[in-house]
Amino acid sequence: MQPKTHPTVAIVGAGISGLRCASILLEQGVSCALFDKSRGFGGRTSTRRKDNWLFDHGTGYFSGTDTDFLKHIKTLRLWQPKGAQPQERLYVGTAGSSELAKNIAAAITAYSPKTLSTHLGTTITKVSPVTTKGWQLFSSEGEAFGPFDLVVMTAPPPQALHLITDVESCITQDLSSLQTYCTWALMLVTDEQMAMPDLVRAPNAEISRIIAEHSKPQRQMLQAGSETSGGLVRQGQYVLQAGRAFSKTHSDATQEEITQLMLSKLDTLYGPIPKILHSQAHRWLHAGIKAPLGKSYLFDRTQGLAAAGDWCIGTTAEDAFISGSNLARAIIDGG
Ligand SMILES: Cc1cc2nc3c(=O)[nH]c(=O)nc-3n(C[C@H](O)[C@H](O)[C@H](O)COP(=O)(O)OP(=O)(O)OC[C@H]3O[C@@H](n4cnc5c(N)ncnc54)[C@H](O)[C@@H]3O)c2cc1C
């Protein structure tokens, strides 16, 4: 593909797959426009902040074997939680999981606005063919962007499909065959730390993971300890992730109902729970894919329409990174 003065590739989604795809395209001189409905980068690797507390309520940590991905995650901090296998290499950001996306974004936003335009807080509602050639994108605010030669969608399959309902393309059949699952996560702060490992996997049928966020490197510094007669007591800070069956059964429950249900499971496992200073449930509607596509991207070369994301090959950030990388290389090679 020849470099052009104006953006030619529109990327919907600034999670790990979209950012990685953009970064390789930009390196090769391809102009990009990047869109995300959120106000920040990272998608499901984003970090929630509340007062002094940080919660990795999506991606809890990064691990992998892909050489390029390892290069990126090794810029973060190695986390060796009690409860992990001794040989495991888990990486976390001191400022939260969103640090990985922010690092990739910092490198790409250094490109001139002519080469990269970034549109955060922009929900794309429709991708439509232009009569002559290429695509236009429309936002929920009624804005139109483009035309672009090529559109890359990195939203989870049901959301990507929604953007191209009126378009005839070979990728729509694959997209419509994919099903996602939802996951509830509970963010919790207690006035004392609970007696449990830093990382607990599948402790029972309802909870699939508990992470003591306070055990991650440099997170303790972000906590305000509470003064007791004996001195400073360290607060406990946790992210509980519900299992798939539990999340499905309670997919329409309220945040308050989920909070109570998950707290009662936690209490049974490691109770009694100390005084709760903060709790908030979050539902990830498209947390992961039930069965991955089995190839690392979708690309309708004739029409200039493509899709990438973790769901192509798995359920991890590494899968998203590989998918975005492979699609970018295919665009460059085949453009
Ligand atoms: C609870 C939970 C725990 C997890 N734990 C781990 C873990 O420990 N380790 C690990 O490696 N992975 C984990 N994952 C998986 C990891 O988060 C994902 O694999 C990875 O973040 C997917 O990246 P992506 O770019 O493919 O998709 P996403 O991160 O979903 O990015 C897609 C982006 O598209 C945007 N978007 C969607 N629709 C539109 C639209 N219409 N207009 C504009 N923008 C749009 C979204 O806002 C989002 O930013 C976890 C996920 C969840 C939910």
Problem set entry | Mean projection area, nm², convex hull over Cα of region 1-77 | 6.7 nm²
For this session: Any chance you could give the angle, 0 to 90 degrees and rounded to 10, that helix 255-270 forms with the longest Cα principal axis of the chain?
Result: 50 degrees
Exercise. How many nm separate the modelled label positions at residue 177 and residue 110, each set 7 Å beyond the Cα in the direction of the Cβ?
Worked result: 4.2 nm
For this session: Give the calculated FRET efficiency between residue 234 and residue 82 to the nearest 0.05, with a Förster radius of 22 Å applied to their Cβ-Cβ distance.
Result: 0.90
Seminar exercise, completed: Asserting the computed 222 nm helical MRE of the chain (DSSP H runs at least 4 long, -39500 (n - 2.57) per run, divided by residue count, to nearest 500) equals -7500 deg cm²/dmol
Exercise. Applying 1/(1 + (r/R0)^6) with R0 = 35 Å to the Cβ-Cβ distance of residue 255 and residue 132, what FRET efficiency is obtained, to the nearest 0.05?
Worked result: 0.15
Problem set entry | Net charge, residue 45 excluded, C-beta distance under 10 Å - Lys, Arg +1, Asp, Glu -1 | 0
Problem set entry | In degrees, nearest ten, helix 16-27 long axis to first principal axis of the chain (Cα) | 40 degrees
For this session: Can you put 73, 273, 16 in order of Cβ neighbours within 10 angstrom, beginning with the fewest?
Result: 273, 73, 16
Problem set entry | residue 143-residue 290 pseudo-label distance in nm [points 7 Å out on the Cα-to-Cβ vector] | 3.6 nm
For this session: State, as an integer percentage, the relative contact order of region 180-289 based on alpha-carbon contacts under 8 Å between residues 6 or more apart.
Result: 47 percent
Exercise. For the chain, what is the percent of antiparallel DSSP beta bridges, rounded to the nearest 5?
Worked result: 75 percent
For this session: Please give the helix 98-108 orientation as an angle from the longest Cα principal axis of the chain, in degrees from 0 to 90, rounded to the nearest 10.
Result: 30 degrees
Seminar exercise, completed: Taking only the alpha-carbon positions of the chain as identical scatterers, the Debye log10 I(q)/I(0) at q = 0.09, 0.10, 0.14, 0.15 Å⁻¹ comes out as -0.50, -0.61, -1.09, -1.21
Problem set entry | Gain on full stretching of the segment that runs from residue 95 to residue 245 - 0.36 nm per residue minus C-alpha separation | 50.9 nm
For this session: Quick one: check the C-alpha center-to-center distance for region 76-143 versus region 14-44, whole angstrom.
Result: 5 Å
For this session: Starting from the Cα of residue 329, step 7 Å along the direction of its Cβ; do the same at residue 282; then give the gap between the two resulting points in nm.
Result: 3.2 nm
Problem set entry | Long-range Cα-Cα pairs in region 180-289 (distance over 18 Å), rounded percent | 49 percent
Exercise. With θ set to phi - 60° and the Karplus curve 6.51 cos²θ - 1.76 cosθ + 1.60, what are the ³J(HN,Hα) couplings of region 132-149 in order, to the nearest whole Hz, using x for Gly and Pro?
Worked result: 6, 6, x, 9, 10, 10, 10, 9, 5, 8, x, 7, 10, 10, x, x, 10, 6
Problem set entry | Which of 297, 269, 81, positive extreme of dipole for the chain (C-beta unit charges) | 81
Problem set entry | Cut-off 14 Å between beta-carbons: net charge of the residues surrounding residue 247, Lys and Arg +1, Asp and Glu -1 | +3
For this session: Can you pull a Stokes-Einstein diffusion coefficient for region 261-331 at 4 °C (1.567 mPa s), Rh from Kirkwood over Cα pairs, as a whole number of µm²/s?
Result: 86 µm²/s
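Read-outs: derived from the displayed coordinates by stated rules, not from any lab. As the structure is a computational prediction, the values presented were derived from the model and not from experiment. Here the Cβ is made from the backbone with ideal geometry for all residues, glycine too, and neighbour counts use every protein chain on show.
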